[in-house]
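Reviewing the structure listed below.
The values are calculated or read from the model by the stated rules, or taken from the named source; none is laboratory data. Everything numeric here is computed off the predicted structure, so don't read it as measured data. We place every Cβ from the backbone using ideal geometry, glycine too, and count neighbours over all the protein chains shown. Quick note on the areas: whole protein, heavy atoms, side chains included, nothing else; ligands and nucleic acids left out. Shrake-Rupley method; radii C 1.70, N 1.55, O 1.52, S 1.80 Å.
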Amino acid sequence: MKNRLNFLVVGLLWIANSVYAQSTEGMVTYEHKSYWTKINARLTFLSKEEKDRMKLTWGNEDGYGVKMKLYFDEKQSLYTYFSDQGQSEDGQWSWRQDDYLIHRNFDANKLIEHHEMLGKTYLMEDSLVTYNWRVQNQIKDVAGYICMKAETFDPVKNQKITAWFAQDIPVAAGPERYFGLPGLILELDINDGDVVVSAQKVELKNVQKELALPKMKGKKIKVADYNQMIQKHIAESMKAQRNPFWSMRY
């Protein structure tokens, strides 16, 4: 009887561990949408007539979308384009995506970012810096998961950030440059809908092969220097009455 109970306990522990492992490892497919009429509406040098004309021109076509993917487990995550080739919705045009990859090692507190921006490719290796999140008392469904709301502020680009995270997937990963919540971020809203990154599909599976870093080249730079470069570019572009986000990620 004792041996039978021991066998049962071991079996239950194995099942529990297997279920937990399945919920902390996998791949998320996101749709990244940029709403340019909203982004342009924030440009102070444009007149109301110019903003109205843009809104009328784009109409219902506003909302440029691209697919992204995130591989994750408890210890690390890797976020990049879903495919190296971008393609128009009608399939008539294709292009090479910019270099863009974000890898986080939570155990080692290490960040690696590979960005192509302003005509150059940068390779950042630095420590992780977590945003100061404020969890809100709101929930909603994203890709079949009940998610809680959290907010923070990006002082580099002067943007309000809203995230919806799933506590049922207890990992600190997330899309773009955002992470650090007690659950996987399945939706990200930048500046009240200027850009929305929303999970379309969550697959819980083994992704150890996909989490391996590819070979990357670029000018090595620290995150603080990269952020300073972004702020300088935004300030100079606004002064010259140019949209800074045509040549960098919003």
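Values computed for the structure shown
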read-out: Selection from ALA212, LEU184, TRP164, by position along the positive dipole direction of the chain (Cβ); value: ALA212
read-out: The range 150-250 - percent relative contact order, Cα under 8 Å, separation 6 or more; value: 19
read-out: If the convex hull is drawn through the Cα atoms of the chain, its volume per residue in Å³; value: 165
read-out: Computed Kirkwood radius, in angstrom, where 1/r is averaged over Cα pairs of the range 137-199; value: 11.5
read-out: At least 27 Å along the helix axis (C-alpha) and Kyte average at least -0.5, DSSP helices within the chain; value: 2-23
read-out: Heavy-atom accessible area per residue - the chain, 1.4 Å, Å²; value: 58
read-out: Only Lys, Arg (+1) and Asp, Glu (-1) charged, at Cβ; the chain dipole about Cα centre in debye; value: 500
read-out: Net charge over other residues, Cβ less than 11 angstrom from the Cβ of ILE169 (K, R count +1; D, E count -1); value: -4
read-out: Accessible surface of the chain, 1.4 Å probe, proportion on carbon and sulfur as whole %; value: 51
read-out: Relative contact order (%) - criterion: Cα under 8 Å, at least six apart; region: the range 96-147; value: 24
read-out: Probe 1.4 Å - accessible area at SER23, Å² to nearest ten; value: 20
read-out: Residue among ARG104, ARG53, ARG177 with the largest mean-square fluctuation in a Gaussian network model of the chain, springs linking Cα atoms under 10 Å; value: ARG53
read-out: Shape parameters for the range 147-237, alpha-carbon atoms, Rg then Dmax in Å; value: 15.6, 45
